[in-house]
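All remarks here apply to the structure that follows.
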């Protein structure tokens, strides 16, 4: 009986050691995968005056400050299907034209279906989306503009986030503070950081 008991004890010990080794290996691989995880963020915009372009550049700077983040910056007219579909996150910026996004940005969203073929397969599903806007006056429609861009993303089953402000980053380009000031650039950078951080969390979760 004693010999049988010792044999069983050794067997249980061997199984325990094996399980610990396997679990440790899984955790180590998971940590290693997350540590080396890279994400791709597409920042795209339309700009005539240069104001929205400056905000876009600040969003890029914020996103790049997050480890393992690759950022592509393009005007909406230059974005390709590969740019869009290979991105883990898409941040879109527009000036305010008559309390809404510019025609160029609206065409960009329309192209998702008619040019890039994201529908009906919902190829943008579970990618992160965010928006930013610039407008001349304090109450010129910046929030409406950001919400309409976010609505287009939600319609594609994307995961939208804010940052810098309630609906995204925005800038008032006329009045007492013409152009883009330091506070507005800081908000744009904060949006870029949050997009990168949330995107990384979502992508890392798929590895587990």
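Between a first residue in the range 189-202 that is under 16 Å from residue 133 (Cα atoms) and a second residue that is surrounded by fewer than 20 Cβ atoms within 10 Å (Cβ to Cβ), which pairs have beta carbons less than 6 Å apart while being 6 or more apart in sequence or on different chains?
189/61
From the list 131, 77, pick out the single residue that is assigned by TED's automatic domain parsing to the domain that holds residue 198 and assigned to a strand (DSSP E or B). Let's see the steps before the verdict.
Details: 77 fails: assigned to a strand (DSSP E or B).
Going through 131, 77 in turn, the sole match is 131.
Looking at 143, 187, which one is within 23 Å of residue 69 (Cα to Cα), modelled with pLDDT of 95 or more and not in a loop (DSSP other than H, G, I, E, B)? First the steps, then the outcome.
Working: 143 fails: within 23 Å of residue 69 (Cα to Cα).
From the options 143, 187, the qualifying one is 187.
When you look at residue 84, is it more than 15 Å from residue 170 (Cα to Cα), in contact with a strand residue (DSSP E or B) (Cβ under 9 Å, 6 or more places away or on another chain) and crowded, with 17+ Cβ neighbours inside 10 Å, yes or no? Write out each step before concluding.
On the way: more than 15 Å from residue 170 (Cα to Cα): yes; in contact with a strand residue (DSSP E or B) (Cβ under 9 Å, 6 or more places away or on another chain): yes; crowded, with 17+ Cβ neighbours inside 10 Å: yes.
For residue 84, the condition - more than 15 Å from residue 170 (Cα to Cα), in contact with a strand residue (DSSP E or B) (Cβ under 9 Å, 6 or more places away or on another chain) and crowded, with 17+ Cβ neighbours inside 10 Å - is met.
Results for (1) assigned to a helix (DSSP H, G or I); (2) surrounded by fewer than 19 Cβ atoms within 10 Å (Cβ to Cβ), shown as yes or no for each residue.
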residue: 120; (1), (2): no, yes
residue: 163; (1), (2): no, no
residue: 200; (1), (2): yes, no
residue: 203; (1), (2): yes, no
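Pick out the one residue from 4, 47 that is outside the structural domain of residue 161 (by TED's automatic domain parsing) and either surrounded by fewer than 17 Cβ atoms within 10 Å (Cβ to Cβ) or at pLDDT 95 or above (or both).
Details: 47 fails: outside the structural domain of residue 161 (by TED's automatic domain parsing).
Testing whether each residue is outside the structural domain of residue 161 (by TED's automatic domain parsing) and either surrounded by fewer than 17 Cβ atoms within 10 Å (Cβ to Cβ) or at pLDDT 95 or above (or both) leaves just 4.
Conditions tested, residue by residue: (1) within 16 Å of residue 55 (Cα to Cα); (2) at pLDDT below 95; (3) out of contact with any helix residue (DSSP H, G or I) (no Cβ under 8 Å at 6 or more places or on another chain).
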position	(1), (2), (3)
163	yes, yes, no
168	yes, no, no
193	yes, no, no
197	no, no, yes
204	no, yes, no
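Need pairs with beta-carbon distance below 6 Å; first residue in the same structural domain as residue 109 (by TED's automatic domain parsing) and within the range 142-157, second part of a helix (DSSP H, G or I); sequence gap 6+ or separate chains.
Hits for this filter: 152/109.
The values are calculated or read from the model by the stated rules, or taken from the named source; none is laboratory data. Predicted model only: the values in this text are computed from it and were never measured. With ideal geometry, Cβ positions are generated from the backbone for all residues, glycine too; neighbour counts draw on all protein chains shown.
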